[in-house]
Amino acid sequence: MNDADAPVTTFDFRSGTLRGSHLVLYPACLVHRGGRQLETIPIAAVAALRIGFERQPRMLRWGIVLLLVALIAFGLSRPLASLAGAAADEVATQAGGEMGSKRRTVVDILASTFRGMQTAAKLLPVLGSALAAWGVALLALGWLGCTTLTLTLGAAERTYSVRGRNAMLFDFTEVLSERMLRAKR
């Protein structure tokens, strides 16, 4: 192997969907190598390249929605529980005294239904906590964003993304850009 075949620079993907793979820039080509894949792209075939950091607005929106739903669940828990408990007590007191077995069965079913609703309403804070945790996680991931390198190859595109603002991928892209300019001359 001579110096003309030696890699110019490399970039290792340490997280995300491409974790464990890496990009290697050689003087005439770019190689993406992973556990079960190998792709070689001649630098002359790259029509354009773009790199950018973006926050993920969809994750941010879903995080906010989940936090709002969690707040609603927390806010409705106590009033719904007390309303269902009061309804169950009222059904039980209204049905006091002698009555037929069929009617008594209907009253018991109705009272049990209200008690079940009361129990479900008391569990709303647990659901709210889970939704809040999920919302906070989505907000954090959306705020971290992604740095994405996009190569345009004629009619096709290849994208390589890493979580967060990754200066090393920007540096790799600068070297690749310089190689592209040299190849076009």
What number of residues within the stretch 7-44 satisfy the criterion of being assigned to a loop (DSSP other than H, G, I, E, B) and closer than 14 Å to Arg179 by Cα? 5
Using beta carbons and a limit of 8 Å, which pairs, at least six apart or on different chains, have the first residue in the stretch 29-45 and without any contact (Cβ under 8 Å) to a residue 40 or more places away in the chain and the second one in a helix (DSSP H, G or I) and surrounded by 12 or more Cβ atoms within 10 Å (Cβ to Cβ)? Cys29/Ile43
Given the conditions (1) buried (at least 17 other Cβ atoms within 10 Å of the Cβ); (2) within 21 Å of the chain's Cα centre (by Cα), and given that Ala133 satisfies all but one, which numbered condition is not satisfied? (1)
Please give the number of the condition Thr150 fails out of (1) over 30 Å from Ile64 (Cα atoms); (2) among the β-branched types (Val, Ile, Thr); (3) surrounded by fewer than 16 Cβ atoms within 10 Å (Cβ to Cβ). (1)
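Is it true that Ala167 is surrounded by fewer than 13 Cβ atoms within 10 Å (Cβ to Cβ) and of a type in the set (Gly, Ala, Ser)? Working first, answer last.
Numbers: surrounded by fewer than 13 Cβ atoms within 10 Å (Cβ to Cβ): yes; of a type in the set (Gly, Ala, Ser): yes.
Criteria met by Ala167.
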Report yes if Ala183 is surrounded by fewer than 17 Cβ atoms within 10 Å (Cβ to Cβ) and either within 23 Å of the chain's Cα centre (by Cα) or touching a residue at least 40 places away in the same chain (Cβ under 8 Å) (or both), otherwise no. yes
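The numbers here are math on the coordinates, done by the rules we state, and not lab data. Everything quoted here is computed from the prediction, not taken from an experiment. Note: ideal-geometry Cβ built from the backbone for every residue, glycine included; neighbour counts use all protein chains shown.
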